[in-house]
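Visitor: Below: one structure in structure tokens.
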Amino acid sequence: MWCWRRMEKISWIERITNEEVLRTVEEKRTLIDVIRERRWKMVGHAMRHPEELHNIIL
């Protein structure tokens with residue numbers, strides 16, 4: 001999302017929702033995309049923790 005905000009020159013202090021940004025760039029966000037993004041964030045978070053946590057999660 002931040003890359004579209006940068007391309008559209010939208011400041012971080014402007015109160016523009018992500019949905020408005022998506023409408024501006026004529027893009028749609030699907031539920032699958034949201035799930036995929038959150039899953040990768042969780043994997044990145046888990047990789048920064050001790051090995052014990054990896055065994056519990058996986």
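FYI, it's all coordinate maths here, none of it is from the lab. Computed from a prediction, not measured in an experiment: that's the story for all the values here. Cβ sites come from the backbone with ideal geometry, for glycine too, and all protein chains shown count toward neighbours.
Visitor: Based on the Kirkwood radius over alpha-carbon pairs, what is the Stokes-Einstein translational diffusion coefficient of the range 2-57 at 4 °C with 1.567 mPa s viscosity, in µm²/s?
Guide: Numbers: Rh = 13.7 Å.
For these conditions, the coefficient is 95 µm²/s.
Visitor: If you put +1 on each Lys and Arg Cβ and -1 on each Asp and Glu Cβ, how big is the dipole of the range 2-57 around its Cα centre, in Debye rounded to 20?
Guide: Values: 12 positive and 10 negative charges, 14 e Å.
It comes to approximately 60 debye.
Visitor: At 7 Å along Cα-to-Cβ for each site, give me the label-to-label distance between R39 and M7 in nm.
Guide: Going from the R39 label point to the M7 one covers 2.4 nm.
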